Amino acid sequence: MDSTVLRWFPPLRAAWAPVGEPAQVLITGENAKRAVWGAINPRTGHRVVATSQRGRQEDFMAFLRLLRLAYPGRAVLLLLDQASCHTAQRSQALAAQLAIHLLWLPKQRPELNAMDHIWRELKLHISANRQYATVDDHVDAAVLWLLALTPTQALRKAGILAEGFWLRDLLENFWLPT
């Protein structure tokens, strides 16, 4: 599980300009943003996605409720980073109440988070060098791209199907009752 921020003015990774002249990039100084929350089931490739105005504790708690609705009556282990909205007491209490077990990734190790790999691909294909009419159009395009991936495509983009994926043995040998 992870979240990312999408901005109205996307990352500029390429621009054209005459040789020897700097490229002009006009911006207003205002840059609306939205948070996109996502979780991927590393066995099935199923994704749960939500969006919010901000990336705050209340938004994370809403995502936890959505995740529980997506997997009713089943054990949920959520592997996530130690962002303050995740580690907040109210977030942890809600996770416990919803029977969602939180497992913490080591600090400063985004390469271990499968959703981080998907965000990188999303920003490359949907965000970079594109200007949408509104930030909400940008978010809609991102969610559509993410949910349109087949389960195999999602698992591949997340790095879960890679031979050296760090959780491979656990996924193949660990069984959780539903």
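The values are calculated or read from the model by the stated rules, or taken from the named source; none is laboratory data. What you are looking at is a predicted structure, and each value in this text was computed from that prediction instead of being measured. Glycine also receives a Cβ, built like all others from the backbone with ideal geometry; neighbour counts cover every protein chain displayed. For accessibility, only protein heavy atoms count, side chains too; no ligands or nucleic acids. Shrake-Rupley method; radii C 1.70, N 1.55, O 1.52, S 1.80 Å.
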Item to complete: Would you point out which residue out of Leu66, Leu98 is modelled with pLDDT of 95 or more and out of contact with any helix residue (DSSP H, G or I) (no Cβ under 8 Å at 6 or more places or on another chain)?
Response: Leu66
Response to the item:
Flagged pairs (Cβ under 8 angstrom, 6 or more apart or on separate chains; first in the stretch 138-159, under 10 Å from Ile126 (Cβ atoms); second open to solvent by 10 Å² or more (accessible area, probe 1.4 Å) and assigned to a loop (DSSP other than H, G, I, E, B)) are His138/Trp8; His138/Pro10; His138/Arg130; His138/Tyr132; Ala141/Tyr132
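Table: residues versus (1) more than 19 Å from Arg120 (Cβ to Cβ); (2) at pLDDT below 75.
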| residue | (1), (2) |
| --- | --- |
| Asp2 | no, no |
| Ala14 | no, yes |
| Pro18 | yes, no |
| Gln24 | yes, yes |
| Arg43 | yes, no |
| His46 | yes, no |
| Val49 | no, no |
| Gly55 | no, no |
Item to complete: Return the residue satisfying two criteria in turn: it lies in the stretch 153-171 and is among the aliphatic types (A, V, I, L, M) and outside any helix (DSSP H, G or I), and of such residues it is most open to solvent (accessible area, probe 1.4 Å).
Response: Leu161
Worksheet item: So, of the residues in the stretch 64-82 that are within 21 Å of Asp116 (Cα to Cα) and in contact (Cβ under 8 Å) with a residue 40 or more places away in the chain, which turns out to be surrounded by the fewest Cβ atoms within 10 Å (Cβ to Cβ)?
Response: Leu77
Worksheet item: So which pairs qualify, if the first residue must be in the stretch 112-129 and more than 17 Å from Leu78 (Cα to Cα), the second must be acidic (Asp, Glu), the Cβ gap must be under 7 Å, and the two must be at least 6 apart or on different chains?
Response: Trp119/Asp2
